[in-house]
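Q: One structure is given below, represented as structure tokens, and several questions about it will come after.
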């Protein structure tokens, strides 16, 4: 991350597990938000890594339970001037995404 001077990285297919420490992924200069694959299948997982700064704040977004079947991580990136952006990384088949959306279309 430091070599290429990356501020934000979004990763799919991280293959991270409960045994992978955040310190193994990036230094303390970065905030790490990850959703590892919940079942025993290999692969999967998503991650957002953001460079810490005095003028940028990263905040994890808690999602409703209806999204539990998706590998998804969502972060609000807030800037010092009260502006911000919401960033999401999702790993799922289009069929799975459509099924989650169609079941909850009335929201």
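Only the coordinates and a few stated rules stand behind these numbers; no lab work does. No experiment lies behind these values; they were computed from the predicted model shown. Cβ atoms come from the backbone with ideal geometry, glycine included; neighbour counts cover every protein chain shown.
Q: Return a whole-number percent for the relative contact order of region 8-103, with Cα pairs under 8 Å and 6 or more residues apart as the contact set.
A: That works out to 26 percent.
Q: Can you compute the modelled spin-label distance between residue 66 and residue 90, with each label point 7 Å from Cα toward Cβ, in nm?
A: Output for this residue pair reads 1.2 nm.
Q: Provide the FRET efficiency to the nearest 0.05 for the residue 78-residue 5 pair, computing r from the beta carbons and using R0 = 22 Å.
A: After rounding, the FRET efficiency stands at 0.55.
Q: Out of these labelled values of Kirkwood radius over Cα pairs in Å, (i) 15.8; (ii) 15.1; (iii) 19.6, which was calculated from the coordinates shown here?
A: (ii)
Q: Would you mind ranking 41, 34 by Cβ crowding within 10 Å, fewest neighbours first?
A: Ascending number of Cβ neighbours within 10 Å: 41, 34.
Q: Quick one: 93, 14, fewest Cβ neighbours within 10 Å first, how do they rank?
A: Listed from fewest to most nearby Cβ atoms, that is 93, 14.
Q: Okay, next question. Going by how many other Cβ atoms sit within 10 Å of their own, how do 27, 69 line up, fewest first?
A: In increasing order of surrounding Cβ atoms, one gets 27, 69.
Q: Using the alpha-carbon centroid of each, what span in Å lies between region 9-52 and region 64-90?
A: For region 9-52 versus region 64-90, the Cα centre distance is 15 Å.
Q: Helix 94-103 sits at what angle to the longest principal axis of the chain, using alpha carbons and giving 0 to 90 degrees rounded to 10?
A: With rounding to tens, the tilt is 70 degrees.
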